[in-house]
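What follows is a short report on a single structure.
The values are calculated or read from the model by the stated rules, or taken from the named source; none is laboratory data. None of these values were measured; they are calculated from a predicted model. Here the Cβ positions follow ideal geometry from the backbone for every residue, glycine too, while neighbour counts run over all protein chains shown. The accessibility values were calculated without ligands, DNA or RNA, using every heavy atom of the protein model including side chains. Shrake-Rupley method; radii C 1.70, N 1.55, O 1.52, S 1.80 Å.
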Amino acid sequence: MYKLNNIYKSYDNDKTFVLNNLSFEFQKGELIAIIGKSGSGKTTLLKILATLNKPTKGFYIFDEKNLEKLSNDELAEFRNKHIGIVFQEYNLIGNLTAEENIILPTIFNKKQSNNYKVNEIAEALGIKSLLNKKANLLSGGEQQRVAIARAMINDPELVLADEPTGNLDNDNANQLFAMLKKLNNLGVTVITVTHNLEFAKMFDKIYELKNGQLGLYK
Amino acid sequence: MTIFQLSLKNISKKLFFSLFSFVIAGSALVFSLFYIASIEHSVSKSLALSKGEYISYVNEERFSNIPVNYYERFKEEFDYVIPYVYNTGIVSYDYDCMIIGTDIKKNIIYYNGNLYNYEIELSEVYDTEKPLVYLSENLKNSVNNNLIEINGIEYQVGGFIKILEKSLNENIVITTLDIYGQYVDMSIINNDSGIYKYIIDTYYITSNQNEDEVINTISMIYNAPDSRYFVDSYKKIFDSQMEEFMMFSNIPVTFFILVSVFSFFNIYISINLSIAERKKYYSILSTLGMKLKHLRKMIIIEMSIISVISAILSIFIGMFISLIAISASKGLTFAMASIPKFFLTLIAIIMVPIILTTISTRFIKYKQII
C-alpha cells in the first residue's frame with residue numbers, strides 16, 4: 001500500500017499551497033492516471049511521489065515505510081531501488097549511448113547490470129538496434145523508450161511518468177500506453193500525470209488534481 | 001559502466017579553470033627542484049670534503065697530561081688517517097712560508113680549508129745529515145745546491161710538490177712529523193703524561209662509517225661528550241654552504257603553498273560553476289539515485305584527471321624554465337633531481353589539488369543539484 005497523508009506543498013513560505021491537505025492511497029499493481037489543468041500541481045505531486053520533493057507538511061508511506069524522516073541521500077538510495085521515473089523531456093544524457101543511459105541507475109547501487117537484462121528490456125521495448133546509438137541522435141519516440149528502459153532497469157515497484165505523451169503523436173502515445181500496460185502486467189504500479197484526457201482514459205483509474213486536492217475523475 | 005567511466009566521459013570544461021593555477025604552482029615547484037639540485041651539485045663539487053671524508057681539529061695540548069697516544073688511537077679506529085701540524089716560517093730571511101708536518105707518503109695536504117692532492121718530484125739528496133723537506137714549486141728560486149734555509153735552519157730539499165687538479169699559490173714546506181718535532185716546533189713531541197706522543201693539530205680521516213658513528217668514535221677517543229663541534233664532514237660543510245641558498249629555495253615552496261591556498265578558492269569556485277553549468281545533468285543523475293557521495297566522487301575523479309594533466313605540463317614547463325635559468329647562471333650546471341625528491345614533488349603536484357578538491361566537495365549541498 002502507498003499513501004500520501006495530509007500533504008501540503010508551498011513554494012512561498014506557506015502563503016499559498018499547490019497541494020492543500022492532499023491525501024491519496026493506492027495499491028500495489030494499480031495503473032493510475034492523474035489529470036489536471038496546467039499549474040494544478042501535477043508535477044509537484046509526481047515529484048513528491050518520486051521522492052524528488054519533500055512535502056511542506058504531511059507524510060508519504062511507501063509500502064509501509066514512512067519516508068518523512070529519510071535524508072536526501074537515503075531518499076536517493078530508496079528512489080534508485082524502488083522507483084522508476086519517465087520524464088516528459090526524457091532526461092537522457094546526450095553524449096552517452098542508449099545502452100549507457102539505460103544502465104545509468106545501476107552505477108549508483110551495488111547491483112551490476114548485466115547485458116542479458118539490458119537486451120531483454122531493449123527487446124521488449126523494440127530498441128535493441130538502438131543500443132549503441134548516442135542518445136542525442138535518437139528520435140523523440142526512441143528517446144522515450146530508452147527512458148522507459150532506464151526506469152525499468154532496477155526492477156522498480158513503482159514507475160512514474162510525467163506528461164509522457166507531451167511530445168508524441170497518437171500512434172506513439174498508444175504504443176507508450178502498451179508499454180506501460182505491459183509493465184503493469186508484470187506487477188509494477190504505474191502512475192502517470194497528464195493533461196491528455198484521451199490518454200488518461202486508457203488507464204484503470206483516473207484521478208483529477210483540483211484546488212490542491214486529488215479526487216476520482218468522474 | 002562505472003562512476004569512473006561516466007566521469008571520464010563528462011569532464012566539465014569549467015574545472016579546467018583550475019588547471020592554470022595548478023600548472024603555475026607545479027612549474028614553480030619543479031623549477032625549484034631542479035634549480036636546487038643544480039645548486040647542490042655545483043656546491044658539492046666545490047667542497048673540500050667528499051662523502052666519507054672528515055677533518056678533526058682538536059687542540060690536543062688540552063689532553064697532554066692524559067696517557068693516550070691519540071694519533072695511534074685514530075689509526076686504530078679509522079681506515080685512513082693523516083695528521084697535520086702547522087707553523088709559519090721565513091725562507092732565506094725573505095719569503096713567508098707555511099711549514100706543514102704530516103705523513104708525507106699519504107700525498108694529501110689539508111691547508112686553509114682545502115684538500116690538495118700532490119705528487120713529489122724527487123730531487124737528488126746530497127747530505128743525509130740535514131733534515132729533509134719538500135717544497136712547493138714557487139720556492140724553487142730559494143734553493144741553492146738542494147739546500148734551503150727556513151727560520152735560520154738549513155734543510156735538505158727532498159723534492160718539489162706538484163699539486164694535482166687545483167692550484168696552490170702559497171709557499172708550502174712539508175716534512176715528516178719527526179723532523180717537524182725536532183726542528184720546527186718541538187712542542188708537538190710530548191711526554192707530560194709519561195708516554196711519548198705527538199700533539200697533532202688536525203687529522204684528515206676517511207671512513208665507511210656513517211657521520212654519527214664517526215663523531216661518536218672521535219668523542220670516544222678524546223673521551224669528550226660531543227665532538228660534533230670540532231669535526232668537519234661533507235654534510236656539515238655542505239649544509240653550511242647551502243644555508244645561503246635556503247632562502248632562495250624556500251621561495252618556490254612558499255609560492256607553491258600560496259598558489260595552493262588560492263587554488264582552494266579557485267577549485268571551490270570552479271566546482272560550483274561546474275555544478276551550476278551542469279545542474280540539469282546532475283539533477284538527472286540525482287533522480288536516478290545519485291547520492292552526494294557519488295557526486296563528490298565524480299568531481300574528485302574529474303579533478304584528479306586534471307591534476308595528472310597539470311602535473312605532466314608542470315614537469316615539462318618547470319624543467320624547461322630550469323634549463324633556461326640554469327644555462328643563464330654562471331657556475332651552475334644542470335643536474336637531475338634525485339628520484340625520491342622528484343616523485344615527492346610529483347605526488348605533491350598531483351595530490352594537493354585532489355586534497356583541495358576533496359575538501360571543497362564537502363561544501364556541496366543537495367539544493368545545488370535538485
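Quick notes
- Contour minus Cα-Cα distance for B:Glu213 and B:Thr254 (0.36 nm per residue): 11.2 nm
- Rounded to 0.05, the FRET efficiency of the B:Ile321 and B:Arg62 pair, given R0 = 51 Å and the Cβ-Cβ distance, is 0.45.
- In a reduced charge model with +1 at each Lys and Arg Cβ and -1 at each Asp and Glu Cβ, segment A:1-95 shows a dipole moment near 200 debye about its Cα centre.
- Simple rule: put +1 on each Lys or Arg Cβ and -1 on each Asp or Glu Cβ in chain B, find the dipole, and look at B:Thr333, B:Ser360, B:Ile11; the Cα lying farthest toward the positive end is B:Ile11.
- Among A:Leu31, A:Leu186, A:Leu130: highest mean-square fluctuation, GNM of chain A, C-alpha pairs under 10 Å: A:Leu186
- In this rough spin-label picture, where each label sits 7 Å from Cα along the Cβ direction, the A:Asn174-A:Lys134 distance is 3.5 nm.
- Rolling a 1.4 Å probe over the protein heavy atoms of segment B:82-187, with every protein chain left in place, gives an accessible area that is 43 percent carbon and sulfur.
- Per-bin percent of Cα-Cα distances, the protein assembly as shown [10 Å]: 3, 13, 15, 13, 9, 8, 7, 7, 7, 7, 6, 4, 1, 0, 0
- For chain B, the square roots of the Cα gyration tensor eigenvalues, ordered a ≥ b ≥ c, give a/c of at least 1.5 with a/b greater than b/c, which places it in the prolate category.
- Considering only Cα atoms, the convex hull volume of segment A:2-216 works out to 120 Å³ per residue.
- Inter-label distance for A:Lys201 and B:Asp94, nm, one decimal - labels placed 7 Å from Cα along Cα-to-Cβ: 13.4
- 0 to 90° range, to nearest 10: angle between helix A:170-185 axis and chain A longest Cα axis: 80
- Gain in span if fully extended, B:Lys162 to B:Glu129, counting 0.36 nm per residue against the direct Cα distance: 9.4 nm
- Simple Cβ-charge dipole of the protein assembly as shown, Lys/Arg +1 and Asp/Glu -1, about Cα centre, in debye nearest 20: 5880
- Inter-chain shielding of A:73-80 (mean C-beta neighbours from other protein chains, 10 Å cut-off): 5
- Principal-axis tilt of helix A:140-152 within chain A, Cα atoms, nearest 10 degrees: 70
- Förster radius 51 Å - calculated FRET efficiency between B:Asn114 and B:Ile355 (Cβ-Cβ, nearest 0.05): 0.60
- When the charge dipole of segment B:37-148 is built from unit charges on Cβ atoms (+1 for Lys and Arg, -1 for Asp and Glu) and taken about the Cα centre, the candidate among B:Val85, B:Leu122, B:Val43 whose Cα reaches farthest toward its positive end is B:Val43.
- In nm, spacing of pseudo-spin labels at B:Phe238 and A:Glu74 (7 Å Cα→C-beta vector): 6.0
- R0 of 41 Å, Cβ-Cβ distance B:Glu77-B:Ser329: FRET efficiency to nearest 0.05: 0.45
- Amide H partners (placed H, <5 Å) of B:Thr202, local residues excluded: B:Tyr84
- Separation of alpha-carbon centers, segment A:26-88 and segment A:121-156, rounded to whole Å: 23
- Only Lys, Arg (+1) and Asp, Glu (-1) charged, at Cβ; segment B:53-207 dipole about Cα centre in debye: 180
- Under the span-like rule (Cα at least 24 Å along the axis, Kyte-Doolittle mean at least 1.6), DSSP H helices of chain B: B:292-328, B:339-361
- Cα centroid of segment B:136-150 to Cα centroid of segment B:23-77, whole Å: 36
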